[in-house]
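Note sheet for the following structure.
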Amino acid sequence: MRPKTIIFGIITAFVLVILFNNKEEASFWFFGEIRTSKLLILGVFFILGVITGGIVFRRKKSHPKEYSINNTTTSASPELENPSPYTNLSEEDRKFLDRD
């Protein structure tokens, strides 16, 4: 089993133990006095926290939607862009190779 699955199972068991040991009735103010079980109050707020955490800490897409190639460099002379393979040769060697 992966560590993520084990941690999720432990947290779920921990939450269930807490929820089912708090079944007594409690008073809760929500724009008026509401008397309900602590189980319901804790459960609702836990679910709201999980949803909020999922929205706030979700991963962003790292890949761009559209790929493009930008060539912003321009050279003044074509010789610098495509150097000749004969630049390091002597004049005699160039003449020999040009005979072909």
Q: State the number of residues belonging to the range 15-35 that are open to solvent by less than 70 Å² (accessible area, probe 1.4 Å), free of Cβ contacts under 8 Å to residues at least 12 places away in the same chain and in a helix (DSSP H, G or I).
A: 0
(Q) Step by step: first the residues of the range 43-98, then only those that are of a type in the set (Lys, Arg), modelled with pLDDT of 75 or more and open to solvent by 100 Å² or more (accessible area, probe 1.4 Å), then the one that is nearest to the chain's Cα centre (by Cα). Which residue is that? (A) Arg59
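The values are calculated or read from the model by the stated rules, or taken from the named source; none is laboratory data. Here the structure is a predicted model, which is why all the values come from computation and not from measurement. Backbone-built Cβ (ideal geometry, glycine too); neighbour counts: all protein chains shown. Only protein heavy atoms, including side chains, enter the accessible area calculation; ligands, DNA and RNA are left aside. Shrake-Rupley method; radii C 1.70, N 1.55, O 1.52, S 1.80 Å.
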